Every structure is written in C-alpha cells, then in structure tokens.
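Asks: Take this structure first; my questions come after.
The values are calculated or read from the model by the stated rules, or taken from the named source; none is laboratory data. Values in this document were obtained by computation on a predicted structure and should not be read as measured data. Here the Cβ positions follow ideal geometry from the backbone for every residue, glycine too, while neighbour counts run over all protein chains shown. These area figures cover heavy atoms from the full protein model, side chains too; ligands, DNA and RNA do not enter into them. Shrake-Rupley method; radii C 1.70, N 1.55, O 1.52, S 1.80 Å.
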Amino acid sequence: MIPMKIHFNDLTAEQFLEKYWQKQPLLIKGAFKDFQDPIEADELAGLAMEEFIQSRIVNRTKNNWQVKHGPFVDYSEFGEANWTLLVQAVNNWFAEVDALIEPFKFVPSWRIDDVMVSFSTPGGGVGPHLDQYDVFIIQGEGKRRWRVGNPDPSLETLLPHEDLKQVSEFEAVIDEVTEPGDLLYIPPNHPHDGIAIDNSLNYSIGFQAPNAQELYSAFADHQLDNQLFENRFDDKNRKATNSPEELSMEDIQLLTNEMKESLNDESLMKHFMGKYLTTVHHPLNLLVPMEPLSFKQIYGFLEDGNSINAVLGLKAVVINTNNYKALFANGEEFLLEDDTKALAHLLARKQPLTLEQLKSSLDCLKNKQLLTNVINKGLWSFE
Ligand code: SIN
Ligand code: CO
C-alpha cells in the first residue's frame, strides 16, 4: 500500500495544531489524493458478523430511531436506505485500515485510539450528537452531507432510543457534502451530523483523552494490584488539642500529603502511565508462537526476507528519561538500557522491520533478548 499523506492544503501540521486542534472544526477537501477504500462494505458487514467485534446498526424510519447491536447474521431486514452500520477498531483486523492512522502521527501515537468504520445507506446516520473525543473522519466511497456546529450549552440532550444519545438542532458552521478523500476534523463536544447521500464509507480516526475520573480509577486499581498504597498516616508531632471535635486543616493536610506522595512519585507515574495508556480497549489478535522461538530462529526468518510487524492495533510507547527507560506495549513493560533504546523506538513506531533495518542492533545480546521477548509474547510477529 502506498503511504498516504494528508494534503492540508495551505496548512502545515504545526499550524493545524495551533489553529484547529481541540479548538475548531475543519473540512479539508481533497486531503487524500486518489483515495482508495482500504475495505469494502461487504468485508465490513462480514466483520460485524463476528462475536468478538463491537458493532451496531442505527436505523431511522421517519422520526423513529432504532439501534441494534452485533454480531449480525443477516442485513436484509434493513432494506436499502436510512441505516448505518458502525464497526469499532477495524484497524485491529485490517492492515490497510490500520495504515490510515499513519498520516495522523504528527500527534503522539498514545493519543490515537482506533479506527471506526461506518457504512451508510442513503439517508443513514446516527443523528446530531456530541463526542467527547477529537475525531478525524475520512470520506471514502460515496457522498455524505456533514454539518458541524460550535459547542453550545443551550443544546438539549435527546434520547430517541435508550442506546442513542443525540442533541437538539444546532447551528452549523460547516455544512458541506464530503467526497472521497475529504477529511473532516471535529474537536470534542462540537455537535455534528452526517447524513449519507448515497452508499457511503467513513473512517473515523478516534483519539483517547482520559478524564480525571478514569485516571484516578485506573491509578487506584494499579496501586491496589501492586500493594503500593501502604504508607500510613503518622502524626508524631501532634500537640494536645482543646477542641477534640475539630478535624483541623493541619490533619487534612497530613492526610492529603499521604495521597500526594504517590501522585508526586515520578517513577511510579511513568510506570503507571506507560502501562495504562498502552492497554487497548478492544481485543487484539495476539500472535503468540506455539513454541517459544529462539533468537536463532527469528534471525533465520529475517534472513529469509520476512519482516517483523507489530500486531494490528497494538499500542506501544517508549519512555526515555535519564533515570528510567522502558518500552510499553499492550500494558507490558520492557525495561531498556542505552543500547536497547534505538531498537525499542523502531519497534514502537510499528513499521515493518527487515533484517536490513535491524542488523546494526542485533550485534548486541540485550537487543536480541528484547526482540525475542516481544515476539514470544505475541506483540510483534512475522505475519
Ligand atoms: C459515522 O457515522 O461514520 C461517524 C459517526 C459519528 O459522527 O461519530
Ligand atoms: Co460523532
């Protein structure tokens, strides 16, 4: 597949971030020249027949909205118009869909969540709504009318179906028909509505931005799992009180400090964030070898011309600070040293790696071990 590049027209990625990212919506006509759909509607429909895939169909008849969840067995009941099939994390299963993420890597990859693909028949859409996350929507096959507005606290929340949250009519600042290769950027909480004009495929590159509730909850779980919340309140310097009924500010401060101790622990935070942010939200097709491979076998595969690829949808990051270096992939930590850093960066970029690219790293025993280790865990493989 030819690597895609976004034609931001007269904007650089830097200017896009400054002016639009998290601030205002933008439609870029012809962002991808000669855009080829990486999946067909039939293949998407096939994927939504699988048990392990999260999918739904939203169907509108006049003002009556219906939502059905997959797996689907048969689509004939939905007819030819007014419905849309939405399938989550299609990039975990189709390499060509995963490749759609590549052009957006001017944003760190931990921030990118997944690629949701929708197939809509004429009139199909999920109705006007808000999302909490940034999204880039690529128009594939077909045409769709997109309306996007600015955040507006006066919008009402509507629930036309228990599984469908919409908002009341909004004033559009973008109202255009998208054609193959167009790219729409929608910041969080901007009302939007896409109605298909003809059979239409859309690719939504979704971003993750955990809120404080999710972070605190995951952090608490991490600390409990590892028995790391063991420090206990101490008040060695207590003075006698005349108001024993009072909970003093000093005591509140002491208790708060106890909590802050873990939040201020930088090394703990690096470890937790690496783990948390690389844990995927949709199942991965991990490719654990039947028998653990030796480095010699791995080298043999490379010599035969095979390349090493990250499992589709894998989240991987490198943390590279003075006193702590680690590769994280799917929540697993691989500690690094100076001589394994370069290989870790190559792996975490998730591009196919050939013997040519790896050769200089593979003189070092620690790199051989790192590569063998990630392959035997099924995180990177030859497929
Ligand atoms: C889509 O229908 O392809 C995207 C739905 C959305 O706006 O979130
Ligand atoms: Co949306």
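Asks: Filter the DSSP H helices in the chain by two things, a Kyte-Doolittle mean of at least -1.0 and an axial alpha-carbon span of 18 angstrom or more, and list the hits by number.
Replies: Those that pass (Cα extent of 18 Å or more, hydropathy at least -1.0) are 212-225, 249-263.
Asks: Then there is this: If we sort 179-192, 210-223 on the protection proxy, mean other Cβ atoms within 10 Å, highest first, what's the order?
Replies: 179-192, 210-223
Asks: Let me ask you something else. Rounded, prolate or oblate: pick one for the range 239-383, where a ≥ b ≥ c are the square roots of the eigenvalues of its C-alpha gyration tensor, a/c under 1.5 means rounded, and failing that, prolate if a/b is larger than b/c, else oblate.
Replies: Taking the square roots of the gyration eigenvalues as a ≥ b ≥ c, the range 239-383 is prolate.
Asks: Given the rule -39500 (n - 2.57) for each run of at least 4 DSSP H residues, summed and divided by the residues of the chain, what is its mean residue ellipticity at 222 nm, to the nearest 500 deg cm²/dmol?
Replies: Taking each H run of at least 4 residues, the total per residue is -7000 deg cm²/dmol.
Asks: Out of the total accessible area of the range 77-142 (probe 1.4 Å, heavy atoms of protein only), what percent is carbon and sulfur?
Replies: Carbon-and-sulfur percentage of accessible area, whole number: 52.
Asks: Would you please put 101-108, 337-344, 139-146 in order of how densely packed they are, using the mean number of other Cβ atoms within 10 angstrom per residue and starting with the highest?
Replies: Put in order of decreasing packing, that is 139-146, 337-344, 101-108.
Asks: Heavy-atom accessible area per residue, the chain, 1.4 Å probe: how many Å²?
Replies: Using a 1.4 Å probe on heavy atoms only, each residue of the chain averages 55 Å².
Asks: Place a label point 7 angstrom from the Cα of residue 291 along the Cα-to-Cβ direction, then list the residues of the range 362-383 whose backbone nitrogen is under 13 Å away.
Replies: Backbone N within reach: none found.
Asks: To continue, here is another question. What is the gain in length, in nm to one decimal, between residue 322 and residue 23 on full extension, counting 0.36 nm per residue of separation less the C-alpha to C-alpha distance?
Replies: 104.2 nm
Asks: Taking the highest mean first, how do the peptides 225-234, 14-23 order by number of other beta carbon atoms within 10 angstrom per residue?
Replies: 14-23, 225-234
Asks: Here's a follow-up. Just the number, please: carbon plus sulfur as a percent of the accessible area of the range 175-228, 1.4 Å probe, no ligands or DNA/RNA counted.
Replies: Answer for the range 175-228: carbon and sulfur cover 48 percent of the accessible area.
Asks: Shape verdict for the range 166-213, please, from the Cα gyration tensor: rounded (a/c under 1.5), prolate (a/b greater than b/c) or oblate.
Replies: Here the range 166-213 falls in the oblate category.
Asks: Express in nm, to one decimal, how much length is gained between residue 335 and residue 34 on full extension, taking 0.36 nm for each residue of separation and deducting their alpha carbon distance.
Replies: Length gained between residue 335 and residue 34: 104.1 nm.
Asks: Now a separate question. Can you give the charge dipole size of the chain about its Cα centre, rounded to the nearest 20 debye, using +1 on the beta carbon of Lys and Arg and -1 on the beta carbon of Asp and Glu?
Replies: 660
Asks: Pull out a ≥ b ≥ c, the square roots of the eigenvalues of the alpha-carbon gyration tensor of the chain, then state rounded if a/c is under 1.5, prolate if not and a/b is larger than b/c, and oblate in the remaining case.
Replies: Verdict is oblate for the chain.
Asks: Sort 260, 239 by accessible area with a 1.4 Å probe, largest first.
Replies: Reading off the accessible areas and sorting them downward yields 239, 260.
Asks: Here's something else I'd like to know. Using a Cα-Cα cut-off of under 23 Å, which lysines could be cross-linked to residue 105, ignoring same-chain neighbours fewer than 8 residues away?
Replies: The reachable lysines, counting only those whose Cα sits under 23 Å from residue 105, are 5, 19, 23, 29, 33, 270, 275, 315, 325, 341, 350.
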